[in-house]
Structure formats: structure tokens, C-alpha cells
1. Quick one: 3J(HN,Hα) in Hz for segment 100-110, Karplus 6.51/-1.76/1.60 with θ = phi - 60°, rounded, Gly and Pro as x.
2. Determine which residues of segment 136-150 fall in the zone a paramagnetic label at I37 would reach in this model, i.e. backbone nitrogen under 20 Å from the point 7 Å along Cα→Cβ.
3. Averaging sequence separations of C-alpha pairs under 8 Å and six or more residues apart, then dividing by the length of segment 97-212, give the relative contact order as a whole percent.
4. Could you tell me which of N141, C130, L179 has its Cα farthest along the dipole of segment 95-213 towards the positive end, charges placed at Cβ (Lys, Arg +1; Asp, Glu -1), taken about the Cα centre?
5. Amide H of L54 versus every other amide H placed in the peptide plane: which residues, excluding those fewer than 5 positions away on the same chain, fall under 5 Å?
6. For a quick check: with amide H placed at 1.01 Å from N, whose amide H comes under 5 Å from T97's, ignoring anything fewer than 5 positions away on the same chain?
7. Let me know the Rg and Dmax you get for segment 114-213 when you use only its Cα atoms, in Å.
8. Taking the chain as the reference, fit the longest principal axis to its C-alpha atoms, fit the long axis of helix 137-153 to the helix C-alpha atoms, and give the angle between the two in degrees, 0 to 90, nearest 10.
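Computed from the coordinates by the stated procedures, all read-outs in this text should not be read as laboratory data. Keep in mind that this is a model prediction, so the values were computed, not measured. Cβ sites come from the backbone with ideal geometry, for glycine too, and all protein chains shown count toward neighbours.
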Amino acid sequence: MIRDDKMMQLVEGDKEPITPFVRVVRSLYDDFQVSSILVIGGTGDYFDVADNVLVMDSYQCMDATEKAKMIVANSKTSSALPHTASQSNSFRSLKGTRRMNGNSFPPQGKVKTVTRDQISYGETELDLRCLEQLVSKAQTNAIAAALQQVPKLCKKDQSFKETLGEMEKHINSEGMDFLTPGQFNGQMARPRQFEIAGAINRLRRDNTITKAD
């Protein structure tokens, strides 16, 4: 997460294979619009790159952004050492495009939602425990149905994200019935694209996801 100024002077950046997150967190937002929320109590290196700094004081959340920026400014002025710990690097490029292979998605067996966190998809057991935004088994029912609709949405040269976007459009226009064509399933609740993507990433089959540069 960090490497302090003294260590970065001793071991220069081109000699260290691991780039501390403090060096790339700013460009992660500027280049890819991905925000970061960090809970930190032992270092102030993130003050320099943060947009907002909050402090818990007697169980009350206080905005300490202005004070944090003043501390940064004063430390740069008073320190004889160059302030290097939070200098921003470019976040690595996201190389290649992930695509889904529709032929890998037929379950080849029964599909059953076992619990909110588990889908039995043919011979594959999908463990969704780390998808913390799943709050009901009804959402998991919808994910199980969504996986079975992937083959008819996959198109040549269409990215993973574009395929999920296509599914989103169908659900927006046709409702949840799109996921179970020809039948009504009243035990489904709509999940987000992120949870559907998380389930797909856990579907361990040959060539489920391909990547092209």
C-alpha cells in the first residue's frame, strides 16, 4: 500500500517490482474513473492524493480535508528530503479485450440455486460468497437464469462488457421475463451487472472467457 520516502530513496523505483498503491491510486481515478475508499490509521501518505479526508472523532465523522492538505503543504515546505512517497505513476494499461465463448455456457445438467451464495450449474458449483452485494436468494435465481441466456447474446468480436450491456438492455425493455423465455418465474429479483459478471468469472470451464490483444 505504501513505501515511505526513506525506503524509496534507498531502493529506487526501477529496482522494486511492486508499485505501492499510493503511487497509482490517483491515475486509477483520473484515467479509468475508479474511486477508492481507504481506511487508514497509520500513515498520512495518502493525504496528498486524496480528494476527501474524513476522521472519526468520538464516534462522529468529521471532514478533515482542509487540515490534511495543510499538513501536506507544510511537510513539503519544511522537509529537506524530496517528497516522493505519493508521486503519481500511471496506472497500468488494461490490455486486451475479454470475450465470452457462448458455447461454454450450456449447463450440461440441472441448474439449481442451492443458497443465496451457491449455484449448482450442471457439474459446476459456483461459490458466490464474495459477491457481497447479493442480498437475497431471488437475485441468485436471476443470475442462474442469466448464465443460460449468455449463448444467444454472444456475438463475434463483442467484448465481455458489451455482452453484459446487451443483457441489461433486454432486461430493461422486457423485464425479468427475458431471463426465462416462455415461462414466468416469480422468484427472481434483479441483480447488478457486477454480480452476473462475478458469477461468470467463477464458471471454471475451458474457454469460457477469451482474451484478445
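1. Values, residue by residue: 9, 9, x, 5, 8, 8, x, x, 6, x, 6 Hz.
2. Only 136 pass the distance filter.
3. This gives 38 percent for segment 97-212.
4. Looking along the dipole axis, the top candidate is C130.
5. HN-HN under 5 Å from L54: A64.
6. A212, D213
7. Final numbers for Rg and Dmax: 13.2, 42 Å.
8. Around 80 degrees separate the two axes.
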